[in-house]
Structures are given as structure tokens and as C-alpha cells.
């Protein structure tokens, strides 16, 4: 069983369980700015309603971007922490368009290399400081 995490969507996020390159179940939260509050509870609900535990997860697949700064950072951080804590391998891909679905990503993930950590890719530069005058 693999876990799929995508917080790069413009209107929320999706977590899915995959088995043999097929989506078994998923939860989509279609509200922006809810990733911090809803991502881990959604993952736990997904696992429990499919009678699975973290120890049954073979790999975590995360869409690393591009996407909204905080949402992308949260999704990638959760994937990295989960994989580190449970010694689970992970894979990442970048989204090419907002119209891509989980099914579109499965083939890309199957070809992606296994890694120990992922860095987020943002859709634009962070806007967290005042510009310096030139």
C-alpha cells in the first residue's frame, strides 16, 4: 500500500491510498488554507477506514510542486517527517498542470526515483520580505 499526498492544488488537497498502481481510496478537502489542520487527520481517517496502519505503507508519494507556498511546504514536510519517522521510502514528482489527476500521476510516480527526502517547489518566489531599493 502506498500513500499519495498532493497539497499543490489551487483549491485544497488530496490524500490517497494506492495498491498495485491503482487508487483504492482517497480524501479530498476542497478548502484552501486547511492543510495544516486537516492533512494528518485526513490521512489517519483514510488509513483507518481501509484497515491499514502506517506500518503497512510501503512508500509515500508526494507532489512536490509547484504550488502555493504554505500548502506545498506543509505537504512536503508531512511526507518527509512521516518517511523519516517510520523509515518509509518516498518518491516525488512535479505537477505539470492543475488539471492532472491522481491517475495521471501514478505512472509518473512509478518511474520516479526513490529518495530519502524531498524539497518543495513553489509556484513563485516567497513574498516574505520588503524589496530592497536599488
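Residues checked against (1) surrounded by 23 or more Cβ atoms within 10 Å (Cβ to Cβ); (2) touching a strand residue (DSSP E or B) at 6+ places or on another chain (Cβ under 6 Å); (3) at negative phi:
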residue: 48; (1), (2), (3): no, no, yes
residue: 59; (1), (2), (3): no, yes, yes
residue: 63; (1), (2), (3): yes, yes, yes
residue: 70; (1), (2), (3): no, no, yes
residue: 81; (1), (2), (3): no, no, yes
residue: 85; (1), (2), (3): no, no, yes
residue: 88; (1), (2), (3): no, yes, yes
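Counting only residues that are at pLDDT 90 or above and touching a helix residue (DSSP H, G or I) at 6+ places or on another chain (Cβ under 9 Å), give me the helices (runs of 4 or more DSSP H) lying completely in the stretch 15-134 with at least 1 of them.
On the way: elements: 35-49, 69-86, 102-111.
Counting at least 1 such residues, we get 35-49, 69-86.
Does the stretch 10-21 include one or more residues that are surrounded by 15 or more Cβ atoms within 10 Å (Cβ to Cβ) and more than 12 Å from the chain's Cα centre (by Cα)?
Pass one, the stretch 10-21, residues surrounded by 15 or more Cβ atoms within 10 Å (Cβ to Cβ): 12-18.
Within this subset, residues satisfying the condition of being more than 12 Å from the chain's Cα centre (by Cα) are 18.
Yes, there is a match, as at least one residue in the stretch 10-21 is surrounded by 15 or more Cβ atoms within 10 Å (Cβ to Cβ) and more than 12 Å from the chain's Cα centre (by Cα).
The values are calculated or read from the model by the stated rules, or taken from the named source; none is laboratory data. From a predicted model like this one, the values you see are computed outputs, not experimental measurements. Please note: Cβ atoms are built from the backbone with ideal geometry, for glycine as well, and neighbour counts cover all protein chains shown.
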